[in-house]
Amino acid sequence: QVQLVESGGGLVQAGGSLRLSCVASGRAFSSYVVGWFRQPPGMDREFVATNTWSGGSTYYADSVKGRFTMSRDNAKNTVVLQMNSLKPEDTAIYYCAAGTRVTAQYNEYEYWGQGTQVTVSS
């Protein structure tokens, strides 16, 4: 069982930055793949980024590539999503999730946090 808690969301102007954190508790967090997803208002949940359990390989959605950076510190059970050059279309609830496969498919992830709201004003 893994519990995930996101933090760091908020309101920011376009072009600004936010840093989201996902802290995990429970057993063997370092053996899980962690992904970031987001759900814009009125839309389906979409993939943002994911990386391997070691953090050695990270994959990004095309819409955030070059602007967002995902990192993880297994010793601290923490995953971070650094978001720069934010755009209004990045407005969404952001979720971290844990699973056993490196995939962009949200239904492959077993554990989910409660989400944190990110709002980017123009």
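For this structure, a couple of remarks:
- Residues in the stretch 56-66 that are of a type outside the set (A, V, I, L, M) and open to solvent by less than 30 Å² (accessible area, probe 1.4 Å): there are none.
- Looking only at the stretch 46-55, and only at residues there that are of a type in the set (A, V, I, L, M, F, W, C) and within 17 Å of Met83 (Cβ to Cβ), the one that is surrounded by the most Cβ atoms within 10 Å (Cβ to Cβ): Val48
- Unmet requirement for Ala49, which otherwise passes all of (1) in a loop (DSSP other than H, G, I, E, B); (2) touching a Gly at 6+ places or on another chain (Cβ under 9 Å): (1)
- Sub-6 Å Cβ pairs linking a first residue in the stretch 105-122 that is under 23 Å from Leu86 (Cβ atoms) to a second residue that is open to solvent by 100 Å² or more (accessible area, probe 1.4 Å), at least 6 apart or interchain, are Thr119/Leu11; Ser121/Gln13, ordered by first then second residue.
- Taken over the stretch 69-101, the criterion of being open to solvent by less than 60 Å² (accessible area, probe 1.4 Å), among the aliphatic types (A, V, I, L, M) and not in a strand (DSSP E or B) is satisfied by Leu86 alone.
- For the stretch 102-122, a residue qualifies if it is within 18 Å of Ser63 (Cβ to Cβ), part of a strand (DSSP E or B) and open to solvent by 20 Å² or more (accessible area, probe 1.4 Å), and exactly one does: Thr119.
- In the stretch 43-62, the residue that is nearest to Asn74 (Cα to Cα) out of those that are modelled with pLDDT of 95 or more and of a type in the set (Gly, Ala, Ser) is Ala49.
- Filtered residues of the stretch 30-60 (kept if in contact with a helix residue (DSSP H, G or I) (Cβ under 7 Å, 6 or more places away or on another chain) and either under 12 Å from Gly113 (Cβ atoms) or touching a residue at least 60 places away in the same chain (Cβ under 8 Å) (or both)): Phe37, Arg45
The values are calculated or read from the model by the stated rules, or taken from the named source; none is laboratory data. Quantities reported herein were computed from a predicted structural model and do not represent experimental measurements. No Cβ is skipped: glycine too gets one built from the backbone with ideal geometry, and neighbour counts run over all protein chains shown. Surface areas here come from the heavy atoms of the whole protein model, side chains and all, with no ligands, DNA or RNA. Shrake-Rupley method; radii C 1.70, N 1.55, O 1.52, S 1.80 Å.
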